[in-house]
Amino acid sequence: MKKSIFTLFFMSIMAALFAQAQSYDIVIRGGHVIDPKNNINEPMDVAVRDGKIAMVAKKIDPAGAVQVVNAEGFYVTPGLIDMHVHVFQGTNLDQTYMNGPNSVTPDGFTFRVGVTTVVDAGCAGWRTFPDFKRQTIDRSQTRVLALLNIVGEGMRGGPFEQNLKDMDARLTGEFAKRNSEDIVGIKLAHFNGPDWTPTDRSVEAGKIADMPVMIDFGGSNPPLSIEDLFLKHLRPGDIYTHCFAQLGNSRESIVDPQTGKVKPFVVEAVKRGLILDVGYGGISFAYSQAIPAIKSGLYPQAISTDLHIGSMNGAMKDQLTTMSKFLAMGMDLQSVINASTWKPAQVIKREELGHLSVGSEADIAILNLRKGNFGLFDYTGYKLETDKKLECEMTIRAGRIVYDLNGIANPVIVQNRRSRR
(Lines give C-alpha, C1' and ligand atoms only; values in the text may rest on other atoms or scores of the structure.)
Protein backbone atom coordinates (compact mmCIF):
# COMPACT_ATOMS: atom_id res chain seq x y z
CA MET A 1 0.00 0.00 0.00
CA LYS A 2 2.78 2.39 0.95
CA LYS A 3 4.66 1.46 -2.20
CA SER A 4 1.58 2.10 -4.33
CA ILE A 5 0.99 5.53 -2.78
CA PHE A 6 4.65 6.41 -3.19
CA THR A 7 4.61 5.26 -6.82
CA LEU A 8 1.52 7.31 -7.64
CA PHE A 9 2.98 10.36 -5.92
CA PHE A 10 6.28 9.97 -7.79
CA MET A 11 4.52 9.51 -11.13
CA SER A 12 2.36 12.58 -10.59
CA ILE A 13 5.39 14.71 -9.75
CA MET A 14 7.25 13.46 -12.82
CA ALA A 15 4.22 14.07 -15.03
CA ALA A 16 3.89 17.61 -13.73
CA LEU A 17 7.57 18.29 -14.31
CA PHE A 18 7.40 16.77 -17.78
CA ALA A 19 4.35 18.87 -18.66
CA GLN A 20 6.02 22.02 -17.33
CA ALA A 21 9.19 21.29 -19.28
CA GLN A 22 7.46 20.41 -22.55
CA SER A 23 4.34 22.54 -22.70
CA TYR A 24 4.65 25.76 -24.69
CA ASP A 25 2.09 27.90 -26.42
CA ILE A 26 4.39 28.50 -29.40
CA VAL A 27 7.73 27.07 -30.45
CA ILE A 28 9.51 28.86 -33.31
CA ARG A 29 11.93 26.43 -34.96
CA GLY A 30 14.78 26.76 -37.39
CA GLY A 31 15.01 30.56 -37.62
CA HIS A 32 18.04 32.83 -37.44
CA VAL A 33 17.61 34.91 -34.28
CA ILE A 34 18.88 38.48 -34.22
CA ASP A 35 18.56 39.95 -30.72
CA PRO A 36 20.99 42.87 -30.38
CA LYS A 37 20.53 43.37 -26.63
CA ASN A 38 21.56 39.80 -25.90
CA ASN A 39 24.18 39.74 -28.67
CA ILE A 40 22.50 36.83 -30.46
CA ASN A 41 22.98 36.53 -34.22
CA GLU A 42 22.73 32.84 -35.09
CA PRO A 43 20.24 30.01 -35.67
CA MET A 44 18.17 29.46 -32.51
CA ASP A 45 14.74 28.23 -31.48
CA VAL A 46 12.38 30.38 -29.42
CA ALA A 47 9.62 29.16 -27.09
CA VAL A 48 6.68 31.20 -25.81
CA ARG A 49 4.50 30.45 -22.81
CA ASP A 50 1.85 32.58 -21.08
CA GLY A 51 2.64 35.60 -23.22
CA LYS A 52 6.34 35.59 -22.29
CA ILE A 53 9.60 34.41 -23.81
CA ALA A 54 10.12 31.04 -22.12
CA MET A 55 13.35 29.87 -23.76
CA VAL A 56 15.86 30.74 -26.46
CA ALA A 57 18.12 27.80 -27.29
CA LYS A 58 19.80 25.89 -30.09
CA LYS A 59 17.17 23.15 -30.04
CA ILE A 60 13.81 23.22 -28.26
CA ASP A 61 11.64 20.13 -28.23
CA PRO A 62 8.25 21.17 -29.65
CA ALA A 63 6.41 18.19 -28.16
CA GLY A 64 3.30 19.44 -26.39
CA ALA A 65 3.43 22.92 -27.94
CA VAL A 66 0.06 24.30 -28.98
CA GLN A 67 1.57 25.73 -32.17
CA VAL A 68 4.87 25.09 -33.92
CA VAL A 69 6.17 27.76 -36.31
CA ASN A 70 8.52 26.79 -39.11
CA ALA A 71 10.91 29.72 -39.40
CA GLU A 72 13.54 27.98 -41.50
CA GLY A 73 15.11 30.48 -43.88
CA PHE A 74 13.72 33.46 -41.94
CA TYR A 75 15.04 35.91 -39.36
CA VAL A 76 13.46 35.97 -35.89
CA THR A 77 13.76 39.34 -34.16
CA PRO A 78 12.15 41.24 -31.31
CA GLY A 79 8.91 42.94 -32.34
CA LEU A 80 9.82 46.10 -34.21
CA ILE A 81 9.44 49.52 -32.58
CA ASP A 82 8.40 52.40 -34.85
CA MET A 83 9.38 55.40 -32.75
CA HIS A 84 7.68 58.08 -34.90
CA VAL A 85 4.08 57.65 -36.07
CA HIS A 86 0.81 59.59 -36.07
CA VAL A 87 -2.12 57.45 -34.89
CA PHE A 88 -4.58 59.87 -33.23
CA GLN A 89 -7.04 59.24 -36.04
CA GLY A 90 -10.43 60.95 -35.89
CA THR A 91 -13.25 62.49 -37.91
CA ASN A 92 -12.78 66.16 -37.07
CA LEU A 93 -12.16 67.35 -40.61
CA ASP A 94 -11.03 70.84 -39.57
CA GLN A 95 -8.11 69.32 -37.64
CA THR A 96 -5.00 67.55 -38.92
CA TYR A 97 -3.16 64.93 -36.84
CA MET A 98 -4.94 65.52 -33.53
CA ASN A 99 -8.17 63.50 -33.69
CA GLY A 100 -8.28 64.28 -37.39
CA PRO A 101 -8.04 62.65 -40.83
CA ASN A 102 -4.26 62.86 -41.34
CA SER A 103 -3.49 60.19 -38.73
CA VAL A 104 -4.10 56.45 -39.14
CA THR A 105 -5.41 53.65 -36.92
CA PRO A 106 -2.39 51.67 -35.70
CA ASP A 107 -3.49 48.03 -35.98
CA GLY A 108 -4.08 48.31 -39.72
CA PHE A 109 -0.46 49.25 -40.44
CA THR A 110 1.68 47.62 -37.75
CA PHE A 111 1.40 43.84 -37.51
CA ARG A 112 1.71 43.26 -41.26
CA VAL A 113 5.22 44.75 -41.13
CA GLY A 114 6.41 43.21 -37.85
CA VAL A 115 5.78 46.29 -35.70
CA THR A 116 4.43 45.59 -32.21
CA THR A 117 5.09 48.99 -30.56
CA VAL A 118 4.59 52.49 -31.92
CA VAL A 119 5.27 55.90 -30.42
CA ASP A 120 2.82 58.60 -31.48
CA ALA A 121 4.94 61.68 -32.11
CA GLY A 122 3.05 64.54 -30.54
CA CYS A 123 -0.46 64.32 -31.96
CA ALA A 124 -1.91 65.08 -28.52
CA GLY A 125 -1.05 67.76 -25.99
CA TRP A 126 -1.93 67.67 -22.30
CA ARG A 127 -5.40 69.04 -23.03
CA THR A 128 -6.31 66.48 -25.71
CA PHE A 129 -4.40 63.41 -24.47
CA PRO A 130 -7.34 61.90 -22.51
CA ASP A 131 -9.31 61.50 -25.75
CA PHE A 132 -6.28 59.93 -27.44
CA LYS A 133 -5.85 57.43 -24.62
CA ARG A 134 -9.52 56.49 -24.58
CA GLN A 135 -10.04 56.03 -28.31
CA THR A 136 -6.62 54.81 -29.49
CA ILE A 137 -4.22 53.69 -26.76
CA ASP A 138 -6.74 51.66 -24.79
CA ARG A 139 -8.43 50.16 -27.87
CA SER A 140 -5.40 49.05 -29.87
CA GLN A 141 -3.79 45.62 -29.93
CA THR A 142 -0.56 47.37 -30.93
CA ARG A 143 1.28 48.81 -27.94
CA VAL A 144 0.81 52.57 -28.38
CA LEU A 145 3.06 54.95 -26.46
CA ALA A 146 3.20 58.70 -26.92
CA LEU A 147 5.31 61.82 -27.05
CA LEU A 148 3.28 64.66 -25.55
CA ASN A 149 3.17 67.82 -27.65
CA ILE A 150 4.39 71.01 -25.99
CA VAL A 151 1.27 72.62 -27.48
CA GLY A 152 -1.65 71.92 -25.15
CA GLU A 153 -3.99 71.27 -28.10
CA GLY A 154 -1.47 69.04 -29.86
CA MET A 155 -1.21 68.83 -33.65
CA ARG A 156 -4.49 70.52 -34.41
CA GLY A 157 -2.93 72.43 -37.31
CA GLY A 158 -2.73 76.05 -38.43
CA PRO A 159 -2.50 78.78 -35.79
CA PHE A 160 -2.97 76.33 -32.91
CA GLU A 161 0.58 75.03 -33.38
CA GLN A 162 2.02 78.55 -33.55
CA ASN A 163 0.45 79.67 -30.27
CA LEU A 164 3.25 80.36 -27.77
CA LYS A 165 0.66 80.95 -25.05
CA ASP A 166 -0.38 77.28 -25.32
CA MET A 167 3.18 76.02 -24.84
CA ASP A 168 3.35 75.62 -21.07
CA ALA A 169 6.43 73.73 -19.90
CA ARG A 170 5.15 73.13 -16.37
CA LEU A 171 1.70 71.85 -17.33
CA THR A 172 3.16 69.66 -20.09
CA GLY A 173 5.97 68.23 -17.98
CA GLU A 174 3.82 67.50 -14.95
CA PHE A 175 1.08 65.91 -17.09
CA ALA A 176 3.65 63.70 -18.80
CA LYS A 177 5.11 62.65 -15.45
CA ARG A 178 1.66 61.74 -14.07
CA ASN A 179 0.90 59.68 -17.17
CA SER A 180 4.29 58.03 -17.63
CA GLU A 181 2.68 54.62 -18.19
CA ASP A 182 1.74 55.85 -21.67
CA ILE A 183 3.87 58.96 -22.27
CA VAL A 184 7.60 58.55 -22.96
CA GLY A 185 8.71 62.03 -24.03
CA ILE A 186 7.92 65.56 -25.21
CA LYS A 187 7.49 66.67 -28.84
CA LEU A 188 7.91 69.97 -30.65
CA ALA A 189 6.82 70.19 -34.29
CA HIS A 190 5.57 72.54 -37.00
CA PHE A 191 6.51 75.83 -35.33
CA ASN A 192 7.42 78.36 -38.03
CA GLY A 193 8.68 81.39 -36.12
CA PRO A 194 12.39 82.31 -35.75
CA ASP A 195 12.17 81.84 -31.99
CA TRP A 196 13.91 79.44 -29.59
CA THR A 197 11.09 79.73 -27.03
CA PRO A 198 9.22 76.55 -28.13
CA THR A 199 12.44 74.52 -28.12
CA ASP A 200 13.48 75.74 -24.70
CA ARG A 201 10.02 75.18 -23.22
CA SER A 202 9.99 71.65 -24.62
CA VAL A 203 13.36 70.92 -23.03
CA GLU A 204 12.14 72.38 -19.74
CA ALA A 205 9.08 70.10 -19.88
CA GLY A 206 11.41 67.19 -20.54
CA LYS A 207 13.44 68.07 -17.47
CA ILE A 208 10.31 68.21 -15.30
CA ALA A 209 9.09 64.84 -16.61
CA ASP A 210 12.59 63.28 -16.75
CA MET A 211 11.94 62.33 -20.37
CA PRO A 212 13.63 62.94 -23.72
CA VAL A 213 12.48 65.64 -26.13
CA MET A 214 11.94 65.07 -29.86
CA ILE A 215 12.44 68.12 -32.08
CA ASP A 216 11.01 68.50 -35.59
CA PHE A 217 13.24 71.33 -36.80
CA GLY A 218 13.65 73.34 -39.96
CA GLY A 219 10.40 75.22 -40.39
CA SER A 220 11.61 78.53 -38.98
CA ASN A 221 11.60 81.50 -41.32
CA PRO A 222 14.21 82.92 -41.30
CA PRO A 223 15.97 79.68 -40.34
CA LEU A 224 17.48 79.03 -36.95
CA SER A 225 20.92 77.43 -36.62
CA ILE A 226 20.89 73.65 -36.45
CA GLU A 227 24.35 73.82 -34.89
CA ASP A 228 22.98 75.95 -32.05
CA LEU A 229 20.09 73.50 -31.67
CA PHE A 230 22.45 70.55 -31.29
CA LEU A 231 25.11 72.14 -29.10
CA LYS A 232 23.30 74.86 -27.11
CA HIS A 233 19.66 73.80 -26.63
CA LEU A 234 19.29 69.99 -26.67
CA ARG A 235 20.53 67.64 -23.97
CA PRO A 236 22.19 64.22 -24.28
CA GLY A 237 19.34 61.78 -24.94
CA ASP A 238 17.18 64.32 -26.76
CA ILE A 239 16.04 63.37 -30.25
CA TYR A 240 16.53 65.12 -33.59
CA THR A 241 13.92 63.67 -35.94
CA HIS A 242 13.81 63.91 -39.75
CA CYS A 243 17.59 63.68 -39.45
CA PHE A 244 18.09 62.96 -43.17
CA ALA A 245 15.76 65.67 -44.46
CA GLN A 246 16.95 67.70 -47.44
CA LEU A 247 15.90 71.23 -46.58
CA GLY A 248 16.24 74.43 -48.58
CA ASN A 249 18.80 76.19 -46.40
CA SER A 250 22.11 74.34 -46.02
CA ARG A 251 22.30 75.39 -42.36
CA GLU A 252 19.33 73.11 -41.72
CA SER A 253 20.85 69.85 -43.00
CA ILE A 254 23.48 67.52 -41.54
CA VAL A 255 25.48 67.14 -44.77
CA ASP A 256 27.49 70.03 -46.23
CA PRO A 257 26.33 70.43 -49.86
CA GLN A 258 29.76 71.79 -50.84
CA THR A 259 31.83 68.89 -49.52
CA GLY A 260 29.20 66.13 -49.48
CA LYS A 261 30.32 65.21 -45.97
CA VAL A 262 28.62 65.20 -42.59
CA LYS A 263 29.19 68.50 -40.81
CA PRO A 264 31.71 68.16 -37.93
CA PHE A 265 29.35 69.58 -35.29
CA VAL A 266 26.86 66.78 -36.06
CA VAL A 267 29.46 64.13 -35.23
CA GLU A 268 30.35 66.05 -32.07
CA ALA A 269 26.69 66.28 -31.00
CA VAL A 270 26.13 62.54 -31.53
CA LYS A 271 29.22 61.75 -29.44
CA ARG A 272 27.70 63.93 -26.71
CA GLY A 273 24.50 61.87 -26.79
CA LEU A 274 22.20 63.45 -29.39
CA ILE A 275 19.81 60.86 -30.84
CA LEU A 276 19.26 60.79 -34.62
CA ASP A 277 15.78 59.55 -35.59
CA VAL A 278 14.91 58.91 -39.24
CA GLY A 279 11.24 60.02 -39.10
CA TYR A 280 10.99 59.34 -42.83
CA GLY A 281 7.65 61.07 -43.56
CA GLY A 282 6.46 62.39 -46.89
CA ILE A 283 9.36 64.71 -47.76
CA SER A 284 11.57 64.33 -44.68
CA PHE A 285 14.12 61.85 -46.05
CA ALA A 286 16.54 62.22 -48.96
CA TYR A 287 19.36 59.97 -50.09
CA SER A 288 21.48 63.10 -50.58
CA GLN A 289 21.68 63.28 -46.77
CA ALA A 290 21.47 59.62 -45.81
CA ILE A 291 24.01 58.06 -48.18
CA PRO A 292 26.96 60.27 -47.13
CA ALA A 293 26.06 59.77 -43.48
CA ILE A 294 25.86 55.98 -43.74
CA LYS A 295 29.09 55.79 -45.77
CA SER A 296 30.83 57.80 -43.05
CA GLY A 297 29.56 55.40 -40.37
CA LEU A 298 27.02 57.82 -38.90
CA TYR A 299 24.03 55.53 -38.37
CA PRO A 300 20.64 56.62 -37.00
CA GLN A 301 19.85 55.32 -33.53
CA ALA A 302 16.18 54.92 -34.50
CA ILE A 303 14.76 53.91 -37.89
CA SER A 304 11.19 55.19 -37.96
CA THR A 305 8.52 56.00 -40.53
CA ASP A 306 6.60 59.14 -39.53
CA LEU A 307 3.57 57.12 -40.58
CA HIS A 308 0.54 59.18 -41.67
CA ILE A 309 -1.73 59.38 -44.71
CA GLY A 310 0.75 61.61 -46.55
CA SER A 311 3.71 59.25 -46.22
CA MET A 312 2.49 55.66 -46.42
CA ASN A 313 1.64 55.74 -50.14
CA GLY A 314 4.66 57.82 -51.16
CA ALA A 315 8.33 56.90 -51.05
CA MET A 316 8.22 55.76 -47.43
CA LYS A 317 5.66 52.89 -47.63
CA ASP A 318 6.23 51.25 -44.22
CA GLN A 319 8.75 50.27 -41.57
CA LEU A 320 10.25 47.36 -43.50
CA THR A 321 10.69 49.37 -46.70
CA THR A 322 12.45 52.04 -44.68
CA MET A 323 14.70 49.43 -43.07
CA SER A 324 15.42 47.92 -46.50
CA LYS A 325 16.70 51.30 -47.70
CA PHE A 326 19.29 51.36 -44.94
CA LEU A 327 20.40 47.86 -45.90
CA ALA A 328 20.75 49.07 -49.50
CA MET A 329 22.84 52.03 -48.32
CA GLY A 330 25.31 49.78 -46.52
CA MET A 331 24.11 49.23 -42.96
CA ASP A 332 24.47 45.61 -41.88
CA LEU A 333 21.33 43.68 -40.96
CA GLN A 334 22.08 43.49 -37.21
CA SER A 335 22.53 47.29 -37.05
CA VAL A 336 19.26 47.82 -38.92
CA ILE A 337 17.45 45.47 -36.51
CA ASN A 338 19.09 47.18 -33.53
CA ALA A 339 17.87 50.60 -34.73
CA SER A 340 14.36 49.17 -35.03
CA THR A 341 14.19 47.29 -31.70
CA TRP A 342 16.60 47.59 -28.79
CA LYS A 343 18.04 51.05 -29.45
CA PRO A 344 14.68 52.88 -29.68
CA ALA A 345 13.59 51.02 -26.52
CA GLN A 346 16.61 52.53 -24.78
CA VAL A 347 15.94 55.99 -26.24
CA ILE A 348 12.39 56.07 -24.82
CA LYS A 349 13.55 54.47 -21.54
CA ARG A 350 11.42 51.35 -21.98
CA GLU A 351 14.15 48.76 -21.66
CA GLU A 352 11.65 46.00 -21.01
CA LEU A 353 10.97 46.19 -24.77
CA GLY A 354 12.99 45.45 -27.87
CA HIS A 355 14.60 42.11 -26.96
CA LEU A 356 13.95 38.38 -26.54
CA SER A 357 15.20 37.89 -22.98
CA VAL A 358 13.58 35.04 -21.08
CA GLY A 359 10.68 36.43 -19.05
CA SER A 360 10.11 39.45 -21.30
CA GLU A 361 6.82 39.97 -23.11
CA ALA A 362 6.74 37.85 -26.25
CA ASP A 363 6.69 40.49 -28.99
CA ILE A 364 8.33 38.82 -31.99
CA ALA A 365 8.76 39.52 -35.70
CA ILE A 366 9.65 36.82 -38.23
CA LEU A 367 11.15 38.42 -41.30
CA ASN A 368 12.02 37.21 -44.78
CA LEU A 369 14.95 38.83 -46.58
CA ARG A 370 13.55 38.27 -50.04
CA LYS A 371 15.85 38.11 -53.04
CA GLY A 372 14.92 39.85 -56.28
CA ASN A 373 15.21 43.11 -58.16
CA PHE A 374 13.85 46.09 -56.25
CA GLY A 375 13.85 49.84 -56.69
CA LEU A 376 13.89 51.95 -53.53
CA PHE A 377 13.33 55.63 -54.28
CA ASP A 378 13.07 58.83 -52.26
CA TYR A 379 10.70 61.75 -52.77
CA THR A 380 13.23 63.56 -54.98
CA GLY A 381 13.10 60.68 -57.47
CA TYR A 382 16.55 59.29 -56.66
CA LYS A 383 16.46 55.49 -56.75
CA LEU A 384 18.65 52.75 -55.34
CA GLU A 385 18.47 49.33 -56.96
CA THR A 386 18.93 46.39 -54.64
CA ASP A 387 18.62 42.60 -54.68
CA LYS A 388 17.10 42.18 -51.23
CA LYS A 389 14.11 43.52 -49.34
CA LEU A 390 12.63 42.77 -45.92
CA GLU A 391 9.13 41.34 -45.69
CA CYS A 392 7.11 40.13 -42.70
CA GLU A 393 6.10 36.49 -42.45
CA MET A 394 4.68 36.56 -38.92
CA THR A 395 4.12 38.90 -35.99
CA ILE A 396 3.54 37.77 -32.41
CA ARG A 397 2.23 40.30 -29.91
CA ALA A 398 2.21 39.43 -26.21
CA GLY A 399 2.51 35.74 -27.03
CA ARG A 400 -0.32 35.63 -29.58
CA ILE A 401 0.08 35.27 -33.33
CA VAL A 402 -1.55 38.38 -34.77
CA TYR A 403 -0.25 38.14 -38.35
CA ASP A 404 0.74 35.04 -40.35
CA LEU A 405 1.30 35.80 -44.04
CA ASN A 406 1.70 32.27 -45.38
CA GLY A 407 0.40 30.02 -42.63
CA ILE A 408 3.79 28.99 -41.23
CA ALA A 409 2.21 28.12 -37.86
CA ASN A 410 1.00 24.55 -37.36
CA PRO A 411 -1.85 24.31 -36.70
CA VAL A 412 -3.13 27.57 -38.16
CA ILE A 413 -5.39 29.22 -35.60
CA VAL A 414 -7.28 32.27 -36.79
CA GLN A 415 -7.91 34.62 -33.87
CA ASN A 416 -10.09 37.63 -34.54
CA ARG A 417 -10.32 39.91 -31.54
CA ARG A 418 -13.29 41.79 -32.95
CA SER A 419 -15.26 39.52 -35.22
CA ARG A 420 -17.82 40.77 -37.73
CA ARG A 421 -20.93 38.94 -38.80
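The values are calculated or read from the model by the stated rules, or taken from the named source; none is laboratory data. Just so it is clear, the structure is predicted and the values come from calculations on it, not from any experiment. All Cβ positions, glycine included, derive from the backbone under ideal geometry; neighbour counts span all protein chains shown. With ligands, DNA and RNA removed, areas are computed over all heavy atoms of the protein, side chains included. Shrake-Rupley method; radii C 1.70, N 1.55, O 1.52, S 1.80 Å.
Before moving on, here are some points about what is shown:
- Scalar couplings 3J(HN,Hα) for the range 220-232, obtained by applying the Karplus form with A = 6.51, B = -1.76, C = 1.60 to θ = phi - 60°, are 5, 9, x, x, 8, 7, 5, 5, 5, 4, 5, 9, 10 Hz; x denotes Gly and Pro.
- Over the range 31-99: Kirkwood hydrodynamic radius from C-alpha pairwise inverse distances, Å: 15.1 Å
- Peptide packing for 359-372, 138-151, 293-306 was compared via the average number of neighbouring C-beta atoms within 10 Å per residue; ordered from the highest value, the list is 138-151, 293-306, 359-372.
- Other residues within the sphere of radius under 14 Å centred on the Cβ of Ala286, judged by their own Cβ, net out at -1 (K and R +1, D and E -1).
- Prolate/oblate/rounded call for the range 338-398, Cα gyration tensor, a/c under 1.5 rounded: oblate
- Across all Cα pairs in the chain, the calculated P(r) in 10 Å bins from zero up to the longest distance comes to 5, 22, 30, 24, 12, 5, 2, 1, 0, 0 percent per bin.
- Of all accessible heavy-atom area on the range 73-185, the percent that carbon and sulfur account for (1.4 Å): 48 percent
- Of the three principal axes defined by the Cα atoms of the range 135-284, the extents in descending order read 48, 31, 29 Å.
- Cα-based values for the range 136-205, radius of gyration first and Dmax second, are 12.6, 41 Å.
- Proximity of backbone amide H atoms, modeled 1.01 Å from N, is registered between Gln67 and Ile26, Val27 at under 5 Å, excluding neighbours fewer than 5 places apart on the same chain.
- Peptides 211-221, 112-122, 266-276 ordered by average Cβ neighbours within 10 Å, highest first: 112-122, 211-221, 266-276
- Across every direction, the projection of the convex hull enclosing the Cα atoms of the range 272-340 has a mean area of 4.5 nm².
- Vicinal HN-Hα couplings computed from phi for the range 350-360 (Karplus, 6.51 cos²θ - 1.76 cosθ + 1.60; Hz; Gly/Pro x): 10, 6, 7, 9, x, 7, 10, 5, 4, x, 7
- Å² of accessible area per residue within the chain, as computed with a 1.4 Å probe and no ligands counted: 43 Å²
- Relative contact order of the chain, pairs being alpha-carbon contacts under 8 Å that are 6 or more residues apart, as %: 18 percent
- Dividing the summed -39500 (n - 2.57) terms of all DSSP H runs of n ≥ 4 by the residue count of the chain sets its mean residue ellipticity at 222 nm at -6000 deg cm²/dmol.
- Rounded to whole Hz, the Karplus (6.51, -1.76, 1.60) HN-Hα couplings of the range 143-151, x for glycine and proline: 6, 10, 10, 8, 9, 8, 5, 5, 7
- Principal axis box of the range 202-263, alpha-carbon based, largest edge first, Å: 40, 24, 18
- For the range 304-421: lysine pairs under 25 Å (alpha-carbon distance), excluding those fewer than 8 apart on one chain: 16
- Computed Rg/Rh of the range 15-156, alpha carbon atoms with Kirkwood Rh: 1.14
- Percent carbon-and-sulfur accessible area, the range 288-363, ignoring ligands, DNA and RNA, probe 1.4 Å: 48 percent
- Straight-line cross-link reach from Lys133 at under 14 Å between alpha-carbon atoms covers these aspartates and glutamates, not counting any fewer than eight positions away in the same chain: Asp120, Glu181, Asp182.
- Computed about its Cα centre, the charge dipole of the range 288-368 is approximately 300 debye, with only Lys, Arg, Asp and Glu carrying charge at their Cβ.
- On Cα atoms only, tilt of 197-209 relative to the major axis of the chain in degrees: 30 degrees
- Nonlocal amide H pairs with Ala302, under 5 Å, H built at 1.01 Å: Leu276, Val278
- Size of charge dipole - the chain - debye, nearest 20, with Cβ of Lys, Arg +1 and Asp, Glu -1, no other charges: 980 debye
- Taking amide hydrogens as placed 1.01 Å from N in the peptide plane, the amide H of Gly31 sits under 5 Å from those of Met44, Ala71, each at least 5 positions away in sequence or on another chain.
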